[in-house]
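Below you'll find the structure, written out as structure tokens, and then a few comments.
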Amino acid sequence: MADARLETIARECRVQIIRMLTHAGSGHPGGSLSVIDLLTTLYFGRLRHDPQRPDWPDRDRVVLSKGHAVPALYTVMAKSGYFPESRLVTLRKLGSPLQGHPDRTALPGIEAATGSLGQGLSVSLGLALGLRLQGSAARVYCILGDGEIQEGQVWEAAMAAPKLGQPKHPLDNLCVILDYNKIQLDNFVKKILDLEPVLAKWQAFGWPVIEIDGHDLDQIAKALDQAEARKGVPTFVVANTVKGKGVSFMENDPEWHGKAPKPAEAIRAIREILGVPEPRWTEYLAKNAATRAIVDELAALEAK
Amino acid sequence: MPAKASRAAFGEALLELGARDDRIVTVDADLSKSTMTTKFSKTYPERAFNVGIAESNMLGIGAGLALTGKVPFVCSFACFVVGRFETIRMSVAYTQANVKMVGTHCGVAIGEDGYSQMGLEDIACIRALPNIPVVQPADELETKQVVAYAVEHEGPIYLRLTRQNLEPVCPPDYRFELGRWLVLRPGNDVTLIASGGTVFNTLEAAKRLDADGIAAEVINAACIKPLDEELLLRSVGRTGHVVTVEDHSISGGLGGAVAETLGEVMPMPLKRLGVQGFGESGDSKGLYAKHGLDPAGIASSVRKFLNR
């Protein structure tokens, strides 16, 4: 049974992603929308964390190695209480802690600077090892982009992870999730540099691999359960996702990797995310003040 | 004290500090015999990690360990550590991870292995990052103090160490401080600023210059970033001439740092001695002679610079 609460949160986060990117006028909607169900499940169904104590030593860690999708991370962090949701619209603005890519020093709750692709997995190995050495029960979740794993450093880390810390401190506290949305900046992944057979590659490097639908909240939760139950080695989850998921004109289109919607496009995107047919939109907005406020705000941007 | 390589002094210091501080861990990339972390790894096998020939991964793992409160020393040849600059820039510097980066085998002085193993651009690269001190000790005493300092320093730091033995140059009561240089020999005619492997030769050069009636002040600049601006200005304000001596590319190293500061604050005649072009295979002494970093070469450059 899908968790209705998580579905609602993921939907609200999608709306906020569109909102903040439109205010910013730049950013990466496609990969933010593909990863948001994974992040929602982690932040609201999984993590042991305390937004009031972002430096709690035994917190679970999330490293968003595909740092360009950080708008998605900001939405779940805001909703968790790391900072007020009103701050989301400061994304990419001068002086905002919501940098265009994650900045650990600017925003408590960000675990590592990422966005220069290929580096988050190595940092996650270090985090997982450090926690193991300290006898902490905390877990580390690292989210990789599919295009990202074309970076060589990922494979250095992939080769090391099942071996590092053995035998006393195996990194079974590490779960790596691939947001496999099949599109990178320039084009479809298979047209730039095909990753297949991606499962076999990670298996050959010594990882147990679980393949799921990265938008199915039940499947995500189950995979995370399996990863947590696995002893002795870290787990790799291939989450098949749809780039731009939830917005018809963004889905599966490389053009929406790194382009912010215009206000009119954003309003249409929000309507689609909320599943409201066009004829009923005015009526919906009349009854939903929060959405109405967001739409009015975007319409005002359009007027500018 | 007999001559000792700063990498060897580092290995000894690490073992000693590791006994008192269990936050200290090492991460190596298949060069632990050369970086001399082996003493530590034999004594504390559970705190020593060899990740294979994968320096980017080594740096990232170091960053992650640091973020859990460990004090990781990530060690390889200077060229291989700093060669992974993008990982240093992002996972160490920008992340503000408390990583102690150790680059050994700096300069042409490594000799026979040739250019591919010589750290010659590492100072220039690291110096461009806003939050990483660059420290190059000149002898065993200084190295041990620098390593102890690195453990206590909050934040990333880069230590540049030699393969070759270094003659003692610091007085027994010397105490290292970040951003503080040391006058090893006073003089009024020219300021010679050296660091690491070139300090001893610069002192020898000063003796030769003395015989010619040139009183050279010799400064040991262990801290290349931050440099000791106060001492620099005090010394060169008096001598009016400055020569930098380093086993590093002539661009962007100690000489570059000194030139940047003086160019803004106190422009004056300046000569940078260092490595021009690529390094090559050969014996250490021969290479120093070729690049003018031996006592005779340094003295000759200084005379020419002073028109004497």
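Worth pointing out:
- The residues neighbouring A:Gly152, those whose beta-carbon lies less than 14 Å from its own, together hold a net charge of -3 under the Lys/Arg +1, Asp/Glu -1 convention.
- Viscosity 1.306 mPa s, 10 °C: Kirkwood-radius Stokes-Einstein D of the range B:182-306 over Cα pairs, µm²/s: 112 µm²/s
- When the surface is traced with a 1.4 Å probe over the full set of protein chains, A:Tyr82 keeps roughly 50 Å² accessible.
- The solvent-accessible area of B:Arg163, taken with every protein chain present and a 1.4 Å probe, is close to 100 Å².
- Under-5 Å amide H pairs with B:Leu192, H placed in peptide plane, nonlocal only: B:Glu217, B:Val218, B:Ile219, B:Val243
- The range B:52-123: GluC sites (Glu not before Pro) falling in loop per DSSP and having at most 16 other Cβ within 10 Å: B:Glu112
- List B:Lys39, A:Lys66, ordered by accessible area with a 1.4 Å probe, largest first: B:Lys39, A:Lys66
- For the set A:Asp186, A:Asp179, solvent exposure ranked by accessible area (probe 1.4 Å, protein chains only) runs largest to smallest as A:Asp186, A:Asp179.
- Taken over the Cα atoms of the range A:178-277, the convex hull encloses 108 Å³ per residue.
- Shape call, the range B:121-178: gyration tensor on alpha carbons, a/c limit 1.5: oblate
- Counting charges near A:Leu193 (Lys, Arg +1; Asp, Glu -1) among other residues having Cβ under 14 Å from its Cβ returns a value of -2.
- Anisotropy class of the range B:1-92 from Cα gyration tensor, a/c 1.5 cut: oblate
- Just so you know, the Cα atoms of the range B:4-166 work out to an Rg and Dmax of 13.8, 40 Å.
- For chain A, the Kirkwood hydrodynamic radius from C-alpha pairs, put into Stokes-Einstein at 25 °C and a viscosity of 0.890 mPa s, yields a diffusion coefficient of 126 µm² per second.
- Size descriptor, Kirkwood hydrodynamic radius, that averages inverse alpha-carbon separations across the range A:30-182, Å: 15.7 Å
- Long-range HN-HN contacts of A:Ile183 with modeled amide H, under 5 Å: A:Val189
- Close amide-amide hydrogen proximity is noted between B:Thr95 and A:Ala113, each under 5 Å apart and 5 or more residues distant or on a separate chain (H modeled in the peptide plane; Pro and chain starts excluded).
- One quarter of the surface of the convex hull around the alpha-carbon atoms of the protein assembly as shown equals 30.1 nm², the direction-averaged projected area.
- Stokes-Einstein translational diffusion, chain B - Kirkwood Rh over all Cα pairs, 1.306 mPa s, 10 °C, in µm²/s: 83 µm²/s
- ³J(HN,Hα), Karplus 6.51/-1.76/1.60, whole Hz, each residue of the range B:234-247, x for Gly, Pro: 5, 6, 6, x, 8, 8, x, 9, 9, 10, 9, 9, 8, 9
- Three-way shape call for the range A:261-304 based on the alpha-carbon gyration tensor, with the a/c threshold at 1.5: oblate
- Mean-position separation - Cα centroids, the range A:145-202 and the range A:108-130, in angstrom: 14 Å
- B:Lys4 accessible area, 1.4 Å probe, all protein chains in place, Å² to nearest 10: 40 Å²
- Equivalent ellipsoid, the range A:93-204 (semi-axes from 5 times Cα gyration tensor eigenvalues, Å): 25, 23, 9
- In percent, rounded to a whole number, the relative contact order of the range B:1-140 is 23, using alpha-carbon pairs under 8 Å and six or more apart.
- Per-residue ³J(HN,Hα) for the range B:72-82, Karplus 6.51 cos²θ - 1.76 cosθ + 1.60, θ = phi - 60°, Hz, x for Gly and Pro: x, 9, 9, 9, 6, 5, 3, 5, 7, 5, 6
- Checked against a 32 Å cut-off, the cross-linked pairs A:Lys163/A:Lys222; A:Lys66/A:Lys163; B:Lys100/B:Lys304; A:Lys190/B:Lys100; A:Lys231/B:Lys42; A:Lys93/A:Lys190 give Cα-Cα distances beyond that limit for B:Lys100/B:Lys304; A:Lys190/B:Lys100; A:Lys93/A:Lys190.
- Within the shell of other residues whose beta carbon sits under 14 angstrom from the beta carbon of B:Gly197, the net charge comes to -4, with Lys and Arg scored +1 and Asp and Glu -1.
- Per-residue ³J(HN,Hα) for the range A:51-65, Karplus 6.51 cos²θ - 1.76 cosθ + 1.60, θ = phi - 60°, Hz, x for Gly and Pro: x, 7, 10, x, 9, 3, x, 9, 5, 6, 10, 10, 10, 8, 5
The values are calculated or read from the model by the stated rules, or taken from the named source; none is laboratory data. On a predicted model such as this, the values are computed, not experimentally measured, just so you know. Positions of Cβ are generated from backbone atoms using ideal geometry, with glycine treated the same way; all protein chains shown enter the neighbour counts. What goes into the accessible areas is simple: the full protein's heavy atoms, side chains included, and nothing from ligands, DNA or RNA. Shrake-Rupley method; radii C 1.70, N 1.55, O 1.52, S 1.80 Å.
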